[in-house]
Amino acid sequence: MTELQENQEPRLIVETGVDLRIAEIIEPVIVSMGYKLVRVRLLNQNGLTLQIMAEKNDGTMTVEDCEALSMAISPVLDVEDPVDKAYHLEMSSPGIDRPMVRKSDFSRWLGHIVKCETSILVDNRKRFRGKIAHVDADGFTLERDQVAYGEEPRVVIPFSALAEAKLILTDDLIRDALRADKLAKAQAANQNEKEEDESFE
């Protein structure tokens with residue numbers, strides 16, 4: 001395991017079966033190129049589609065990034081051959097209404113609405129929807145947007161119980177996602193300028 005992989009935050013939600021096998025094959029390639037794997041799904045679309053979501057550490061992902069990763073991943077998948085049928089490779093960013101797979105995703109999108117499912121009963125339920133009100137090392141507090149009779153308005157969901165989570169598209173989310181993307185691109189441009197200036201010295 002490289003130093004880069006050791007420093008990378010593990011995903012809370014990982015695949016099973018053939019999706020997991022594919023993730024294990026491609027994640028080292030993705031990480032070595034400076035990206036994070038978000039999710040792998042083999043879907044019955046257009047015959048068979050292998051959907052891979054990834055992003056840079058700053059949360060951005062351009063069309064060029066997708067092309068570069070796709071070109072790096074394809075030969076590795078051809079050699080390992082985890083899928084015994086023909087498939088179409090689809091490389092994408094997680095999108096604005098993204099799957100939440102790392103603890104840092106919850107910290108980053110604090111104050112936004114998330115829909116999630118747990119693997120065990122939490123407060124007599126497995127499905128939740130609400131605003132992320134607080135995040136710590138063990139879990140997050142959800143402020144429910146629909147409180148049933150007898151339920152507390154807030155519920156603490158342990159990361160260890162999380163089975164699936166996804167951001168819900170809202171005007172606030174779109175605004176904050178666009179702002180974060182703009183900021184990340186500005187920082188990347190400044191970094192490139194700095195590196196160019198240093199190479200002239």
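Coordinate-derived values only; no laboratory data. Everything quoted here is computed from the prediction, not taken from an experiment. Methodologically, a virtual Cβ is constructed for each residue, glycine included, from the backbone with ideal geometry; neighbour enumeration extends over all protein chains shown.
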Legend entry - Charge-dipole axis of the chain as Lys and Arg at +1 and Asp and Glu at -1 on Cβ define it, positive-most pick from MET71, VAL135, ASN57: VAL135
Inset, instruction - Report, in degrees rounded to the nearest 10, the 0 to 90 angle that the Cα long axis of helix 17-32 makes with the longest principal axis of the chain. - result: 60 degrees
Legend entry - Lysine-lysine proximity count for region 45-201, Cα under 22 Å, sequence distance 8 or more or distinct chains: 16
Legend entry - Spin-label pair HIS88/ASP172, simplified geometry with 7 Å Cα→Cβ offset, distance in nm: 3.7 nm
Legend entry - Given charges at beta-carbon only (K, R positive; D, E negative), |dipole| of region 96-191 in Debye: 300 debye
Inset, instruction - Would you mind checking the tilt of helix 171-200 against the longest principal axis of the Cα atoms of the chain, expressed as 0 to 90 degrees and rounded to 10? - result: 30 degrees
Legend entry - Dipole magnitude of the chain about its Cα centre (Cβ charges: Lys, Arg +1; Asp, Glu -1), debye to nearest 20: 1120 debye
Inset, instruction - Within 10 Å of each residue's Cβ, count the other Cβ atoms and sort SER74, SER93 from fewest upward. - result: SER74, SER93
Inset, instruction - Check each of the trypsin sites (Lys or Arg not before Pro) in region 46-138 and keep only those in coil by DSSP with at most 13 other C-beta atoms within 10 angstrom; list them in order. - result: LYS85
Legend entry - Label selected from (1) 18.7; (2) 18.0; (3) 20.2, the criterion being Kirkwood radius over Cα pairs in Å as computed here: (1)
Legend entry - Contact order relative to length of the chain, as percent, for alpha carbon pairs under 8 angstrom and 6 or more apart: 18 percent
Inset, instruction - Relative to the longest principal axis of the C-alpha atoms of the chain, give the angle of the C-alpha long axis of helix 63-80, reported between 0 and 90° and rounded to the nearest 10°. - result: 80 degrees
Legend entry - Computed label-point distance, nm, for sites GLN187 and ALA161 using a 7 Å Cα→Cβ extension: 3.3 nm
Inset, instruction - Per DSSP H run of at least 4 residues, take -39500 (n - 2.57); add these up for the chain, divide by its residues and hand me the 222 nm value, nearest 500 deg cm²/dmol. - result: -12000 deg cm²/dmol
Legend entry - Residue (of VAL29, ASN190, PRO99) at the positive-pole extreme of the chain, dipole from beta-carbon charges: PRO99
Legend entry - Order of THR141, THR16 under a 10 Å beta carbon neighbour criterion, fewest first: THR16, THR141
Inset, instruction - Considering only DSSP beta bridges where both residues belong to the chain, give the percentage that are antiparallel (nearest 5). - result: 85 percent
Legend entry - Estimated distance in nm for a label pair at ALA180 and GLU64, the labels positioned 7 Å out from Cα along Cα-to-Cβ: 2.3 nm
Inset, instruction - Within region 117-201, list the chymotrypsin sites (Phe, Trp or Tyr not before Pro) lying in a DSSP loop whose Cβ has at most 13 other Cβ atoms in a 10 Å radius. - result: TYR149
Inset, instruction - Only Lys, Arg, Asp and Glu count, each charged at its Cβ (+1, +1, -1, -1), so figure out the dipole size of region 66-106 about its Cα centre, rounded to 20 debye. - result: 280 debye
